[in-house]
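**Student:** Just passing along the structure, written as structure tokens.
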Amino acid sequence: MTRGRRILVSLLLSLLLLVSACSAKTPNRFDQVQQESTKHGSGLAVAKGATQGSRLNKFFPQGGDGYQRVYTQEKKGFSAANLKKDGKTVAQLAISDTTSVPGAAAKFANSTQSIGGYPAVELGNTQTAILVGKFQVKVVSKDPLFTAGDRQAWIERFNLDGLAQLK
Amino acid sequence: MSKPIFELVDQLPTNNLTIKVLNALDFIAPGEWQNTVGFVNTIKTVTGETDEDLIQQIGERAIYLYNDSSQGYQRALWLYQTVDSTDKALGAAALANKIGENVSILGFLDSITPKPEKAQTIDLTLKLVVELVAFCQINGIPGDSIGDFVAALGEYSSESFIRMAALVCLDGLIPLGPNFINKALTGISQMSPHDLEKNSTFNTVKEFIPGSNAAGKLNFIGDSFESVKGWMNGLVANNNLSPQGVVGNLQQFVEITEDKLDYVAAFLDVATNYYEHTGTQTLARRLIERAVDEI
């Protein structure tokens, strides 16, 4: 092999290495869901018939007793508010339409507790939720001092029976 | 579509000039902003949850939400990126090797051109309008009244707060001086729709600015700026902010002279992307908060 050829071969080999190194991607725990959620184009996150968030606002509890309620997000199938005390967010209040997230409703099948007469579950360290018809009402602690007991009390302050009438 | 949202959040830098500048503005509200990066880390930070299965569920719902283009999240991120990305090529290339060492602006004087006041006014006011539009894309229009909506805007904290503080300092005070609010308002009132149409950033984002034509959009830009005037005045007054004070804080890591503030502004404009950086963080936080509520 001539010297020139050897140089050419080694150059090509290095190029090959470089190309394969660049294309090899570290697998990520979210790769699969990324693929699923983009497979059939877009528009997969929220069910077509989901209730508009603007129709959910009126079922939220008012503030009072030193607490202030500030709405933060309102999208189709979802509305959320911060619950604040002394200017600090202590919890997040939310109503969501579970037709967009079937698993959200399914988890209540094993529920052994109830709040306000509706099946209830606790999730992780910070969340308490109930299922009212097709709607999930959830309170999430944003401050460690806001306990599971506080979450239950605030869930009871939603207009749950009114929400149950909403189709 | 661009990169997956988890990659964008995973790839947020932990140390570059943008981060240094934002940290230097920490004196305005100490500890308000932490540079939270990494998708899983952001989920843990925002939610306080540690259970891996729960974190996976939250992340998956957030990804579904982001990938549904009808939900507005992709558009919001695009807006944050676009309003920040003009004239960035120079900054990125020149600063690629500068991480970890002090940067001297003197080395760049030949290659940067200060913007005329009119262009700077458009920059400042457009960034503010983009913030408003992106807010609505991400959060909808929360509540049932104008009062509810204004209260929702008032919930600016962490990365959203530091973005607005940086807007006031880097795009207001430094290039336009201590009287920047009135200067911008006068500038907008004397501007013609044609002036606006000559601006490349405006042309890129104009379809998302309310108003049927350039004149209508110019009105919206003016009204928006007018409506946050009080908030900006308050921020400046409460923190005794001045161009010299802000530059003094930046001098910890950028060698700049106070007599060339227009150059400092132009340099920061090309060398940082604070809107895109903190906008990505805001978006990730809101997606995660919604995901937690919905799973």
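Read-outs: derived from the displayed coordinates by stated rules, not from any lab. Keep in mind that this is a model prediction, so the values were computed, not measured. As a convention, Cβ positions derive from the backbone with ideal geometry for all residues, glycine included, and neighbour counts pool all protein chains shown.
**Student:** Just rank B:CYS136, B:CYS169, fewest to most, by other beta-carbon atoms within 10 angstrom.
**Tutor:** Final ranking by Cβ density, sparse to dense: B:CYS136, B:CYS169.
**Student:** Any idea which of B:ILE138, B:ILE209, B:LEU176 is furthest toward the positive side of the dipole for chain B, if Lys and Arg beta-carbons carry +1 and Asp and Glu beta-carbons -1?
**Tutor:** Result: B:LEU176.
**Student:** Would you kindly derive the ³J(HN,Hα) couplings of the stretch B:280-292 from the backbone phi angles with the Karplus curve 6.51 cos²θ - 1.76 cosθ + 1.60 (θ = phi - 60°), listing them in order in whole Hz, with x for Gly and Pro?
**Tutor:** 4, 5, 4, 4, 4, 4, 5, 4, 5, 4, 5, 4, 4
**Student:** For the Cα atoms of chain A, what angle does the longest principal axis make with the long axis of helix A:3-23, in degrees from 0 to 90, nearest 10?
**Tutor:** 10
**Student:** Moving to a separate point now. Would you mind giving the mean number of other chain beta-carbons within 10 Å of the Cβ of each residue in B:152-162, as a whole number?
**Tutor:** 2
**Student:** Residue by residue through A:28-36, how many Cβ atoms from other chains fall within 10 Å of the Cβ on average?
**Tutor:** The per-residue average across the peptide is 6.
**Student:** For the protein assembly as shown, just say rounded, prolate or oblate: build the C-alpha gyration tensor, square-root its eigenvalues into a ≥ b ≥ c, call rounded for a/c under 1.5, and beyond that prolate if a/b exceeds b/c, oblate if not.
**Tutor:** oblate
**Student:** Just need the relative contact order of chain B here, percent rounded to a whole number, with Cα pairs under 8 Å and 6+ apart.
**Tutor:** 37
**Student:** With a cut-off of 8 Å between alpha carbons and a minimum separation of six or more residues, what is the relative contact order of chain A in percent?
**Tutor:** 16
**Student:** Could I ask something else about it? Counting alpha carbon pairs within less than 8 Å and at least 6 residues apart, what relative contact order, in whole percent, applies to the stretch B:1-64?
**Tutor:** 35
**Student:** Shifting gears a bit: Under a straight-distance cross-link criterion of Cα-Cα below 25 Å, which lysines are reachable from A:LYS25, leaving out those fewer than 8 residues away in the same chain?
**Tutor:** In chain and number order, the partners are A:LYS39, B:LYS3, B:LYS44.
**Student:** Most exposed first by the Cβ proxy, i.e. fewest other Cβ within 10 Å, how do B:THR282, B:THR45 rank?
**Tutor:** Ranked by crowding around the Cβ, least crowded first: B:THR45, B:THR282.
**Student:** Which ³J(HN,Hα) values, rounded to whole Hz and listed in residue order, are derived for the stretch A:152-166 from phi using the Karplus coefficients 6.51, -1.76 and 1.60 in 6.51 cos²θ - 1.76 cosθ + 1.60 with θ = phi - 60°, glycine and proline given as x?
**Tutor:** Using θ = phi - 60°, the values come out as 4, 4, 6, 4, 5, 7, 5, 7, 5, 5, x, 4, 4, 7, 6 Hz.
**Student:** Take A:ASP31 and B:LYS198, extend 7 Å from each Cα along the Cα→Cβ direction, and tell me the distance between the two endpoints in nm.
**Tutor:** In this crude spin-label approximation the distance works out to 5.2 nm.
**Student:** Among B:SER157, B:SER145, A:SER141, which comes first, second and so on when ranked by fewest other beta-carbon atoms within 10 Å?
**Tutor:** The most exposed by this proxy come first: B:SER145, B:SER157, A:SER141.
**Student:** Under 5 Å between amide H atoms, partner at least 5 residues away or on a different chain: which partners does B:LEU12 have, H built in plane at 1.01 Å?
**Tutor:** B:GLY38
**Student:** Connecting C-alpha atoms closer than 10 Å in a GNM of chain B, tell me which of B:ALA151, B:ALA29, B:ALA165 has the biggest fluctuation.
**Tutor:** B:ALA151
**Student:** What's the average, rounded to a whole number, of partner chain beta-carbon atoms within 10 Å of each residue's beta-carbon in B:3-10?
**Tutor:** Averaged over the peptide's residues, the number is 3.
**Student:** Let me have the 222 nm mean residue ellipticity of the protein assembly as shown computed from DSSP H runs of 4+ only, each contributing -39500 (n - 2.57), with the sum over all residues rounded to the nearest 500.
**Tutor:** Helices in the protein assembly as shown give a 222 nm mean residue ellipticity of -15500 deg cm²/dmol.
**Student:** Output ³J(HN,Hα) for the stretch B:249-260: one whole-Hz value per residue in order, computed from phi by the Karplus curve 6.51 cos²θ - 1.76 cosθ + 1.60 with θ = phi - 60°, and x for Gly and Pro.
**Tutor:** Rounded to whole hertz, the list is 6, 6, 5, 4, 9, 10, 7, 9, 10, 6, 8, 10.
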